[in-house]
Amino acid sequence: MATSTTNEPLGGTPSGPPSPADGAGTGRRLGALLHRLDVKGAPYAFVAPFFVIFAAFSFYPLVYTSWISLHDVELATLDVMKWVGFGNYVDLWGDSRFWNALRNTISIGVLSTVPQLMMALGLAHLLNYRMRASLFFRVASLVPYATSVAAAALVFTMIFERDFGMINWALGTVGVDPVSWEAEKWPAQTAISTMVIWRWTGYNALLYLAAMQAVPADRYEAAALDGASRWQQFTHVTIPGIRATIVFTIVLSTVGATQLFGEPLIFGQGPNGVTGGADNQYQTLGLLLYEEGWKNYQMGRSAAVAWAMFLLLVLAFAAQRVLARLRARQS
Amino acid sequence: MTLHSLPVRTDVPARSSAGKPPGPGRRPLWRGRAGRQHHAGPLAYLLLGLMTVLSLFPLYWTMVAASTDNTRVSQTPPPFLPGPNLFSNLSRAWDEAAMGKAMLNSLIVAGTIALSTVMFATLAGFAFAKLRFKGRQALLTLAIGTMLVPPQLGVVPLFMLMSDLGWSQQLPAVIFPTLVSAVGVFFMRQYLAEALPDELVEAGRVDGAHSLRIFWSIVLPVARPAMAVLFMITFVHAWNDFFWPFVVLDMTNPTVPVALTQLSAGYVRDQSLIMAGALLGTLPLLLMFVVFGRQIVSGIMTGAVKG
């Protein structure tokens, strides 16, 4: 324990020069030194664990991925790296499976994110009413978030089963022929998107709800005085009021969609999983990354896919930026 | 780093003003106070009821399928009411499908990750909220940036690193990369900025307490509720984490999600066994949500909003 009783303001900026008249002994000076050291150094010590662990297990791998992507590396001999320059990227560019996976990642991303966020907005609006059992409804809408990808994907895979699945049975009762949810491209992508929507709608709704509750009431009052209908209040007060949160959920969902892996993997039930169906009809970039690395043993190509994913993400954010700026200019 | 964890509100006090009484002298015209709207009508209840059914039905049906047998599950129309075999299926999943071992592993992994995340997040959150030091803003911005990096990008080097360390197929390979979380740091920073009075920290300094002592005796007691919420949310994420454990672990030593993939990959699919495994693997988290639902919901909402 530091022995100094120097009264410094919180956080280390000294309140003034140390009093020269203070003729205390060396013990006291040592104490003051320790105290200064503590005040100056402790903040760094407190934030250090986060940054050290992040650097070791997230930042270093991220950077090293680019180095590996310039080499041929086999899964069995990870320490033998053969320089190939941009060979992996050239191969990827000419590989139709890559373009297919890219298209699938984008289409499943759109199919899952857009309805998910719209529904979350509606659900948040409903949860924002003053009502009975509001806690129950909030917890219930969050329950899917407590379900793992694996468990959720297993259940939905059965619900979407072609021969005895519940969806096809329900469709049959209204006279629709059974759909081959797994074997056909768009049905498969729809089923996979359904899993994503189910798991994340309630979570996003709670984020929107929190933001809605922070919109100042007088804005609604002003809108109401201007004769705005409830719908107009929703589109002209609520939506602008929670815009920052909407952008935030779009960013999070985009990051999530880019990495989509577990849902399509399990939906393919084993052998079909990694390839994303017999015709790669729902193979995402995440699955391709895994297939190249851990099924074809080409770690260099796998790393190149990872960088392609990153590029996709950067482009997606850039596009969002540009769109936002265009919209701002219009209005 | 877990994305999709707590998002962060950096510019709004952690506890929103919802629920406070309306300002004096002014009758609330449309809303009681910020965000509080009209009373719900029958239509709102109906729609919420529908959403609740959609939310809960897949889990209910997991239970139904886990309680029947394989032939009944594969008939049309599918079963809608529970059968008699729930406990025999659960115990088969526990024994045959390695769910017992997987659940123990997941408990170790999620427990360790949640504990360390809470500890480091509280330390860093306190420093960012209440201590002043050079580069604070820059470090904070850097930490925000880490949230946008998809963890899959580093998976190849991470895999190499783990095999160098001899941790392949071992639990430390899953535990170490996620010992900290940026969103956790923000969550604690937001909470402490609001809940911990500056005077309390200053008083500790005046009394001659060093920083660690202040952290231990002054910060921790204040931070406890937020730490509990962060623990639960981190636990949920760690328990459910899929991609990296799937890559680095194998069936001899799986976590719950990894064991579940194996259940479904067999050539003869025992549907009610699969569903029993899924139910078993989800049950601990469901129990947590039933008991602590209020805290988890409020944690997500108060930690939330605005990037």
Answer in debye to the nearest 20: the dipole magnitude of chain A about its Cα centre, from +1 Lys/Arg and -1 Asp/Glu charges placed on Cβ, is 1120 debye
Note: A:229-235 gets an average of partner chain Cβ contacts (10 Å, Cβ to Cβ) equal to 1
Once the mean of 1/r over all distinct C-alpha pairs in the stretch A:79-235 is inverted, the Kirkwood radius in Å reads 19.5 Å
Ranked from fewest to most other Cβ atoms within 10 Å of their own Cβ, B:D95, A:D91 fall in the order B:D95, A:D91
At the level of C-alpha centres, the distance separating the stretch A:42-77 and the stretch B:42-114, in angstrom, is 38 Å
Most exposed to least, judged by fewest other Cβ atoms within 10 Å, A:L111, B:L43, B:L153 sort to B:L43, A:L111, B:L153
Measuring from its Cα centre, chain B shows a charge dipole (+1 at each Lys and Arg Cβ, -1 at each Asp and Glu Cβ) which, in debye to the nearest 20, is 1440 debye
Footprinting proxy, A:L225, B:L81, A:L33: sorted fewest to most Cβ within 10 Å, the residues are B:L81, A:L225, A:L33
For A:K295, counting only aspartates and glutamates whose alpha-carbon sits under 20 Å away and dropping same-chain residues fewer than eight positions off, the answer is A:D72, A:E74, A:D79, A:D91, A:D95, A:E263, A:D279, B:D250
In a Gaussian network model of chain A with springs linking alpha carbons closer than 10 Å, the residue among A:P115, A:P187, A:P61 that fluctuates most is A:P61
Expected integer from the mean partner chain Cβ neighbour count at 10 Å over A:254-263 is 4
To the nearest 10 degrees, the tilt of helix A:243-258 (Cα long axis) against the first principal axis of the alpha carbons of chain A is 60 degrees
Calc'd 3J(HN,Hα), the stretch A:70-80, phi into Karplus 6.51 cos²θ - 1.76 cosθ + 1.60 (θ = phi - 60°), Hz, glycine/Pro = x, comes to 9, 10, 8, 9, 9, 4, 6, 10, 5, 8, 9
Taking Cα atoms, the helix A:299-330 axis meets the longest principal axis of chain A at an angle in degrees (rounded to 10) of 80 degrees
Whole-Å distance linking the alpha carbon centroid of the stretch A:171-230 with that of the stretch B:157-229 is 35 Å
Ranked by GNM mean-square fluctuation in chain A (Cα springs under 10 Å), the top entry among A:F164, A:F50, A:F310 is A:F50
Under a Gaussian network model of chain A whose springs join Cα atoms within less than 10 Å, the largest fluctuation of A:G286, A:G202, A:G25 belongs to A:G25
Rounded to the nearest 10, the angle in degrees between the Cα long axis of helix B:220-240 and the longest principal axis of the Cα atoms of chain B comes to 30 degrees
Between the alpha carbon centres of the stretch A:262-331 and the stretch A:239-257 the gap in Å comes to 20 Å
Of A:77-84, B:273-280, ordering from highest average Cβ density within 10 Å down gives B:273-280, A:77-84
Length gained if A:T173 through A:S66 is fully extended, taking 0.36 nm per residue and subtracting the Cα-Cα distance, is 33.2 nm
Expected integer from the mean partner chain Cβ neighbour count at 10 Å over B:67-76 is 2
Note on the protein assembly as shown: alpha-carbon gyration tensor, axes a ≥ b ≥ c; rule is a/c under 1.5 for rounded, else prolate if a/b larger than b/c, else oblate; result oblate
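A short reminder: the numbers here are calculations on the coordinates, not readings from a lab. Note that this is a predicted model, so its numbers are computed, not measured. Positions of Cβ are backbone-derived with ideal geometry, glycine not excepted, and every protein chain shown enters the neighbour counts.
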